[in-house]
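Heads up: the structure comes next, in structure tokens.
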Amino acid sequence: MATTQTSGGNGKQAAATPPPATAREQLASHDPATGEVVGTVPVFSAADVDAAVARARTAAAEWSALSYSEREAELARWRAALAESADELAELIHRENGKPRVEAMIEVYMALSHLNHAAGRAEKALRPHRVSPGLLANFRATISYHPLGVIGVIGPWNYPIFTPMGSIAYALAAGNTVVFKPSELTPLIGAKLGEIAARTIAIPNVLQVVTGAGPTGAALARAAVDKIAFTGSTATGRKVMMAAAERLTPVLMELGGKDPMIVTDDADLDKAAEAAVFGALTNAGQACISVERVYVHEAVYDKFVDKVVGEVRGLKVGGDDGHLGAMTSPQQVKIVEDHLRDAVAHGAKALTGGPDAISGSFIQPTVLVDVTPDMKVIREETFGPVLPIIKVGSTEEAVRASNETTFGLGSSVFAGKSARELADRVRAGMTSVNSVMSFAAITSLPFGGVGDSGFGRIHGDEGMKEFTRTKATAEETFALPINLMTFKLPKGTYERIRGMIKTLYGDSPVAKAQDFLRRLF
Ligand code: NDP
């Protein structure tokens, strides 16, 4: 059996999903801060991916036959083992992704909170329930939810366990098995999830991890799975959808974002500034729900900018006690530098950091002002430690500018009394009110976007149902003398039905009474 070799951390070897039986290509994972090789994993070929899916299919028969409480117990064992390995997990995240250790530990905590929630919630979320049978009063109408089978999960590198866990935990709790392809930049932490699952979940192959680069992900998108849950860039999401279309495999797309924050003239500025700085700079800005644009009312703009700059000047980049770690990949550094140079060339001013404050994989946090809507930092996902602040003349203008994007993932509003109403006017899947990113930490809230940010939802009951097929059952409880589902209709049925249509749905007292009662209750 192939093994995942890890160096550094605790220096242990982690077993990856079988096979591969033959000698094969290896993929090295690097520490972005030092360039050091953290470990290697085997590259799974298309045939290996298909074999993993076949094993997952066999496992699905047994896994789906368990009761909810039996599955909950299995998942609880996996959760407990992950929790016991929290230091090792956080260290691997820190080393592969570059984020500070404390952020890595918070990621472990959030991932486990979803696993805990999904396992405990599945039975309630997926309980069959009766609905009104309408005119077929002699029927019992029931909606029930059933596992799809095998779910392919493709994950990104920025939150290498929190993000995929948002799909994996809910898919497993709903009775599916999972084949997970982690990013080539963070394969060791992905393999570790699979290894711990393999030794704690009694049924083999309930969660398998197939490591490799883009082609391994492409093979999973083409494989005979029942759904693909993809998290990554909008560009790759399009490719995955096209590949999945071959088999009509349904897809769930969690893609990029360009999240706006709105700060009105009656907002708590201290709170808003602190939130903007955290929201834009946590994980060095490499979050799909990073604050990427802040629209501030002109009456409080200067004060807000001063507060933000003050906060940012207090941050440290790199080192054991740094607030910002290394960027995860050189490609991402290039994108951020390109956005910063484009902004400065077109008249933006960097109040901190800037395009020349980049050293290797470390970027100094940059507060940008005098930005315009045509700049890359406003149009495209930057995914780096950059905080553009834009002055607006009114709340109306802030809402309009916030919605002028093809993305629509997260958002936040800082305001007085109007905050809640304002939140509903932002075109996005999620909005935090007088806080930032909080929607992602509430396990029962659905997570997902609109437009180029994707579709479908993870987390919460909606996220659980994404991994089920909805079954409608109509069951006759007693026979009525009138039956329309037969060819043996009595004479005069046409006239009787026409009369019923007019009585029930036309301009009749019965129809009006129905409308009145509906409005009342
Ligand atoms: P990518 O789109 O580059 O990669 C995502 C995953 O897809 C990786 O595992 C990648 O593998 C794999 N992949 C690459 N090519 C293919 C292919 N042709 N077919 C199938 N899979 C493929 O995204 P990043 O990893 O760069 O992640 C950052 C992006 O993810 C950002 O845009 C961010 O906004 C978004 N994101 C969205 C979230 C959400 O919930 N909406 C949450 C977190 C991030 P490999 O890495 O090996 O190339």
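The values are calculated or read from the model by the stated rules, or taken from the named source; none is laboratory data. This structure is a prediction, so every number in the text was calculated from the model and none was measured. Counting neighbours? That spans all protein chains shown, and the Cβs are built from the backbone with ideal geometry, glycine included. Surface areas here come from the heavy atoms of the whole protein model, side chains and all, with no ligands, DNA or RNA. Shrake-Rupley method; radii C 1.70, N 1.55, O 1.52, S 1.80 Å.
Across region 330-405, the relative contact order, built from alpha-carbon pairs under 8 Å that are at least six residues apart, equals 28 percent.
Debye-formula intensities of region 70-141, expressed as log10 I(q)/I(0) at q = 0.26, 0.28 Å⁻¹, are -1.06, -1.14 (one equal scatterer per alpha-carbon, no solvent).
With the charge dipole of the chain set up from +1 on Lys and Arg Cβ and -1 on Asp and Glu Cβ about the Cα centre, the Cα lying farthest toward the positive end among the listed residues 186, 228, 443 is that of 228.
The residue 511 and residue 143 beta-carbon pair, evaluated with R₀ = 25 Å, returns a calculated FRET efficiency of approximately 0.40. Computed from the alpha carbon positions, the gyration tensor of region 150-284 leads to an equivalent ellipsoid with semi-axes of 32, 18, 14 Å, biggest first.
Under a 1.4 angstrom probe, counting protein chains only, how are 192, 465 ranked by accessible area, largest first? Intermediate results must be reported in sequence, preceding the final value.
Values: 192 15, 465 75 Å².
The most accessible residue leads, giving 465, 192.
Stokes-Einstein diffusion for the chain, with the hydrodynamic radius set to the Kirkwood value over Cα pairs and evaluated at 25 °C in a medium of 0.890 mPa s, equals 98 µm²/s.
Using C-alpha pairs under 8 Å with a sequence gap of at least 6, the mean separation divided by the residue count of the chain gives a relative contact order of 16 percent. The GluC sites (Glu not before Pro) found in region 68-110 include none that occupy coil by DSSP while having at most 14 further C-beta atoms within 10 Å. Evaluated at q = 0.16 Å⁻¹, the base-10 log of the normalised Debye intensity for region 106-157, with identical point scatterers placed on the Cα atoms, takes the values -0.73.
Stick to the Cα atoms of region 279-368, pair each with every other, and give me the Kirkwood hydrodynamic radius in Å at one decimal. Walk me through the intermediate numbers first.
Numbers: mean 1/r = 0.0723 Å⁻¹.
Mean inverse Cα-Cα distance, inverted, gives 13.8 Å.
Between residue 417 and residue 247, how many nm apart are label points set 7 Å from Cα along the C-beta direction? Label-label distance for residue 417 and residue 247, simple model: 5.7 nm. Kirkwood's formula applied to the C-alpha pairs of region 287-442 gives a hydrodynamic radius of 16.3 angstrom. Out of every Cα-Cα pair in region 327-410, what percent are more than 18 Å apart? In whole percent, the share of Cα-Cα pairs in region 327-410 beyond 18 Å is 43. Placing unit charges on the Cβ atoms of the charged side chains and taking the dipole of the chain about its Cα centre, the candidate lying farthest along the positive direction among 73, 413, 261 is 73.
Before anything else, pin down the relative contact order of region 200-300: Cα pairs under 8 Å, at least 6 apart, normalised by residue count, whole percent. Could the numbers behind the result be given before it?
Details: 106 pairs, mean separation 23.8, N = 101.
Relative contact order of region 200-300: 24 percent.
Counted by Cβ distance under 14 Å from residue 447, the other residues give a net charge of -3, where Lys and Arg count +1 and Asp and Glu count -1. In region 83-215, the C-alpha radius of gyration followed by the widest Cα-Cα span (Dmax) gives 18.1, 63 angstrom.
Please sort through the DSSP H helices of the chain and keep those with an alpha-carbon extent of at least 27 Å along the long axis and a Kyte-Doolittle average not below 0.0. Going by DSSP H runs, the hits are 46-65. Geometric descriptor of region 405-521, per residue, is 248 Å³ (volume of the convex hull of the Cα atoms).
How large is the charge dipole for the chain, taken about the Cα centre, if only the Cβ atoms of Lys, Arg (+1) and Asp, Glu (-1) carry charge, to the nearest 20 debye? Present the calculation step by step, with values, prior to reporting the outcome.
Working: 53 positive and 57 negative charges, 481 e Å.
Dipole magnitude for the chain comes out near 2320 debye.
By the scheme Lys and Arg +1, Asp and Glu -1, what is the net charge of all other residues having a beta-carbon under 15 Å from that of residue 335? Summing Lys and Arg as +1 and Asp and Glu as -1 gives -1. The residue among 144, 326, 86 whose Cα reaches farthest toward the positive pole of the charge dipole of the chain, with charges on the beta-carbon of Lys, Arg, Asp and Glu, is 144. Rounded to the nearest 500, the helix-only mean residue ellipticity at 222 nm of the chain stands at -13000 deg cm²/dmol, with each DSSP H run of n ≥ 4 adding -39,500 (n - 2.57).
For the chain, DSSP calls about 45 percent of its internal beta bridges antiparallel. In terms of distances greater than 21 angstrom between alpha carbons, the cross-link table entries 271/334; 271/391; 471/502; 334/376 yield 271/334; 471/502.
Modelling each spin label as a point 7 Å along the Cα-to-Cβ direction, I'd like the residue 486/residue 46 distance in nm, to one decimal. The modelled label-to-label distance comes out at 5.5 nm. Sorting 406, 40, 473, 366 by solvent-accessible area of protein heavy atoms yields 406, 473, 40, 366, largest first, with a 1.4 Å probe.
Provide the net charge surrounding residue 233, with neighbours chosen by a C-beta distance below 13 Å and charges set as Lys +1, Arg +1, Asp -1, Glu -1. List each step's numbers first, then the result.
Values: positive: 238, 239, 258; negative: 254, 380, 381, 452.
Result for the neighbourhood of residue 233: -1.
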